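The values are calculated or read from the model by the stated rules, or taken from the named source; none is laboratory data. On a predicted model such as this, the values are computed, not experimentally measured, just so you know. Glycine also receives a Cβ, built like all others from the backbone with ideal geometry; neighbour counts cover every protein chain displayed. For the accessible areas, the whole protein counts, side chains as well, though only heavy atoms, and no ligand, DNA or RNA atoms are used. Shrake-Rupley method; radii C 1.70, N 1.55, O 1.52, S 1.80 Å.
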Amino acid sequence: MLEIKNLHARVEDKEILRGINLTVNPGEVHAIMGPNGSGKSTLASVISGKSGYEVTEGSVELNGVDLLELAPEERAAAGVFLAFQYPVEIPGVTNTYFLRAALNNVRKHRGEAELSMTEFMKHIKSKVQMMDMDSSLLSRSVNEGFSGGEKKRNEIFQMAVLEPSLAILDETDSGLDIDALKVVSNGVNALRSPDRSVVVVTHYQRLLNYIVPDYVHVLMEGRIVKSGGKELALALEDKGYAFVEEELAAKA
Amino acid sequence: MAGTSEMIDLKSTPHSLVENFNLMKGLLATYGPDELQVLREKAFRNFTEFGIPTTKDEEFKYLSLRALEDGRFAPAYGATIDRFELEQSVLGPIDAINVVFINGEYAPELSSAHALPKGVFIGSLKDGFTVYEEVILEHLGKIANLTGKLGSTNDERFVYLNTAYLTDGAFVYLPKGVSLEQPIHLIYLSKADHGPLVSYPRTLIVLGENSDAKLLESYLGMDGVYFTNAVTEVVMGESAILEHTKFQQEKLESVHIAATSIHQSEDSIYTNNNINFGGHIARNDVNVWLDGEHTETWLNGASVGLGHQAIDNHTRIDHAKPNCNSFEVYKAILGDHALGVFNGKIFVYEDAQKTDAKQTNKAILLSPTATINTKPQLEIFADDVKCTHGATIGQLREDSMFYLQSRGIPKDEARGLLVYAFAAEVLEKVTIASAREVLENALFAKLKESQDMPEKGGE
């Protein structure tokens, strides 16, 4: 279970998150929506431990573990997975080598035995099929020369291999055509399970047609200002973020 | 020739590199046709006149050759290396047409006999003379030669030295239209188990029109303190294609000074992958003369220097004809107190319109005491050309580090992986699969020696 309490964070002098409270139970899918600059990606970055953000107040716990105290690799070992908005290209390191190093480190941390190359290849075989991946991508350098769709597919494939307890999808739909969007969504849906939490960060409702959330939250100016069920996403699609702003103004 | 007044004077001070010549003169004269003796005598006179360069000479500004000053190098002597020892070395068993030399001397027992296409010769220079004397004499000493070429600081002293002692070496000849399936592997082994020695490997590669080959040239140290002074000459006929990888893994006490000179004819494609992990002092000059239109040249370099190693790469591309493209990427990883030097010259001659030349030099410094000196040098005498160069010296990219860490790879391991990848990207240019694997393993093992490098792990 992910528990975020009163989270404040800033980049240099600019306060971006201004008191986030969010609880995601195992098995639930939560969507975080909001206009550009509302703090969606910052929230994803702070949870996964990217440098450059200063947490000034609040806490983030996953299954009782204080994530803010951990290095990014320790958060990964604790079960956090971030699907990047812009996956990084790493020339000179093959996808297979990279994934096996990642998986074995995570396993080591969990007290599980490392996998030999043969065991590893067996482990990933079904996931390659699930993500409809061209297996030649495995022997290529990480994300190098991949199309936008291939990069996003590779992110979800990595998630399938690492089997995290919390998956954060940061604008995974950006730059995807409808076919790629379906493949990526199918992959995420296949990974939904009673012991896994998923946080989908997105600007548009489109992705949520395929990955149907249990809860939708609207993030504005660093705070969650409205929460609801999946119908909230449809309302946002219909009326835009302006209607939430108007509601807030009316209350004030 | 610059700064002759700054040389180490070989005329008045006794030095083994000179004395050896007088000792060996008679023996040298018995090797090869008379024309060779003329070459040797002339080269010896040039070498003794100009002497050993110092850091006051422009082309050796950053590289101290004090290790050569003591001059206790005996002429190369025979040594025994058996097949098992060779296969246990970093080279392992690479499936190729192998031509092996020990301390500069041809070692037929380690070389492999192969059925070759008609007219192809791959073997020792000495055997080559019996079949292709005319071809050899037409090119030997003519390619590694800067006479009449641009440049005010041209320095050929170590080519003179090699030529003065020219005896055996490797000769590769592909007649017109031959495409060789199997890679060629020239292996120069050094084993100085009875005191310091000097050897002078010489290689001549002649590719006929439309021929195509892949060649690996390895310099590997087995034991002791020694000096390898190598010269390789490559002649590319029209439309010929050559992938030429040089792998230098000399002992860390040794000095390796080598020149590789290439002449490219019209429409030829030449790739040079220059990989340097060894040597206390390692110096490479790669000189490409573009003597026909529409040629393509790829110069790739990867060096790793640790401890007190000095690795100095000088390249020059002479765009003497129009419509030629050259692409150059040189990378260096330097740790501890290592020194790296990159000097990349591109000369675009007056007639060489529509030249397209790109040069990139990148270095990663693993420790604050490691140094890189980088100097792109573009001299352009034509007006319609595209020439770019860029140099970066730096740290690893933060976004790459975070990406790896966010997947569970610890910081130290992520750093090791990215340093490895930085150089491995160059090794990927080697398309001989078994050779690439050897190079990757050698790179991995080399990086493990660094005190600044964490274990790569994951294996």
What's the number of the condition residue B:357 fails, among (1) open to solvent by less than 60 Å² (accessible area, probe 1.4 Å); (2) more than 24 Å from residue A:91 (Cβ to Cβ); (3) under 23 Å from the mean Cα position of the chain (by Cα)?
-> (2)
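Given the options B:424, B:433, name the one that is out of contact with any helix residue (DSSP H, G or I) (no Cβ under 9 Å at 6 or more places or on another chain), over 15 Å from residue B:305 (Cβ atoms) and modelled with pLDDT under 95.
Residue meeting the stated conditions: B:433.
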Out of the residues in region A:162-176 that are away from chain B (no Cβ under 13 Å) and out of contact with any Lys or Arg (no Cβ under 7 Å at 6 or more places or on another chain), state the one that is least open to solvent (accessible area, probe 1.4 Å).
-> A:169
How about region A:128-141: which of its residues are open to solvent by 30 Å² or more (accessible area, probe 1.4 Å) and either in contact (Cβ under 8 Å) with a residue 60 or more places away in the chain or away from chain B (no Cβ under 11 Å) (or both)?
-> A:129, A:130, A:132, A:134, A:135, A:136, A:139
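Within the bounds of region B:373-393, is there any residue that is in contact with a strand residue (DSSP E or B) (Cβ under 9 Å, 6 or more places away or on another chain) and within 14 Å of another protein chain (Cβ to nearest Cβ)?
The initial filter retains those residues of region B:373-393 that are in contact with a strand residue (DSSP E or B) (Cβ under 9 Å, 6 or more places away or on another chain), namely B:373-382, B:385-393.
Retained after the next criterion (residues that are within 14 Å of another protein chain (Cβ to nearest Cβ)): none.
No: zero hits.
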Among (1) open to solvent by less than 10 Å² (accessible area, probe 1.4 Å); (2) in a helix (DSSP H, G or I), where does residue B:48 come up short?
-> (1)
If we scan region B:138-145, do we find a residue that is assigned to a loop (DSSP other than H, G, I, E, B), open to solvent by 20 Å² or more (accessible area, probe 1.4 Å) and touching a Gly at 6+ places or on another chain (Cβ under 6 Å)?
-> no
Across region A:82-103, which residue is least open to solvent (accessible area, probe 1.4 Å) among those that are more than 8 Å from chain B (Cβ to nearest Cβ) and assigned to a strand (DSSP E or B)?
-> A:83
Taking into account only those residues within region A:104-127 that are under 25 Å from the mean Cα position of the chain (by Cα) and among the β-branched types (Val, Ile, Thr), which is farthest from residue A:162 (Cα to Cα)?
-> A:124
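Can we say residue A:38 is out of contact with any helix residue (DSSP H, G or I) (no Cβ under 7 Å at 6 or more places or on another chain), open to solvent by less than 30 Å² (accessible area, probe 1.4 Å) and within 11 Å of chain B (Cβ to nearest Cβ)?
Numbers: out of contact with any helix residue (DSSP H, G or I) (no Cβ under 7 Å at 6 or more places or on another chain): yes; open to solvent by less than 30 Å² (accessible area, probe 1.4 Å): yes; within 11 Å of chain B (Cβ to nearest Cβ): no.
So residue A:38 does not fit the description; no.
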Here are B:349, B:420: which of them is facing chain A (nearest Cβ under 9 Å), open to solvent by 20 Å² or more (accessible area, probe 1.4 Å) and not charged (D, E, K, R)?
-> B:420
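Conditions tested, residue by residue: (1) closer than 24 Å to residue A:73 by Cα; (2) assigned to a loop (DSSP other than H, G, I, E, B); (3) in contact with a Pro (Cβ under 7 Å, 6 or more places away or on another chain); (4) open to solvent by less than 70 Å² (accessible area, probe 1.4 Å).
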position: A:112; (1), (2), (3), (4): yes, yes, no, no
position: A:118; (1), (2), (3), (4): no, no, no, no
position: A:157; (1), (2), (3), (4): yes, no, no, yes
position: A:160; (1), (2), (3), (4): yes, no, no, yes
position: A:183; (1), (2), (3), (4): no, no, no, yes
position: A:187; (1), (2), (3), (4): yes, no, no, yes
position: A:211; (1), (2), (3), (4): no, yes, no, yes
Would you mind telling me which numbered condition in (1) part of a loop (DSSP other than H, G, I, E, B); (2) more than 23 Å from residue B:92 (Cα to Cα) residue B:182 fails?
-> (2)
Looking at region B:394-411, which of the residues that are facing chain A (nearest Cβ under 10 Å) and open to solvent by 30 Å² or more (accessible area, probe 1.4 Å) is farthest from the chain's Cα centre (by Cα)?
-> B:410
Selection within region A:146-196 - under 17 Å from residue A:41 (Cβ atoms), out of contact with any Asp or Glu (no Cβ under 9 Å at 6 or more places or on another chain) and of a type in the set (Ser, Thr, Tyr) | A:174
How many residues does region A:47-76 hold that are within 14 Å of chain B (Cβ to nearest Cβ), out of contact with any Leu (no Cβ under 7 Å at 6 or more places or on another chain) and not in a loop (DSSP other than H, G, I, E, B)?
-> 5
So residue B:450 clears everything in (1) within 14 Å of chain A (Cβ to nearest Cβ); (2) buried (at least 18 other Cβ atoms within 10 Å of the Cβ); (3) not aliphatic (A, V, I, L, M) except one condition, right? Which one?
-> (1)
A careful count of residues in region A:180-197 that are in contact with a Gly (Cβ under 9 Å, 6 or more places away or on another chain) and among the aliphatic types (A, V, I, L, M) gives 4
If you go through B:338, B:370, the only one that is buried (at least 20 other Cβ atoms within 10 Å of the Cβ), in contact with a Ser or Thr (Cβ under 9 Å, 6 or more places away or on another chain) and among the small types (Gly, Ala, Ser) is B:338
Per the filter on region B:274-306, residues part of a loop (DSSP other than H, G, I, E, B) and either touching a residue at least 60 places away in the same chain (Cβ under 8 Å) or of a type in the set (Phe, Trp, Tyr) (or both) are B:277, B:280, B:306
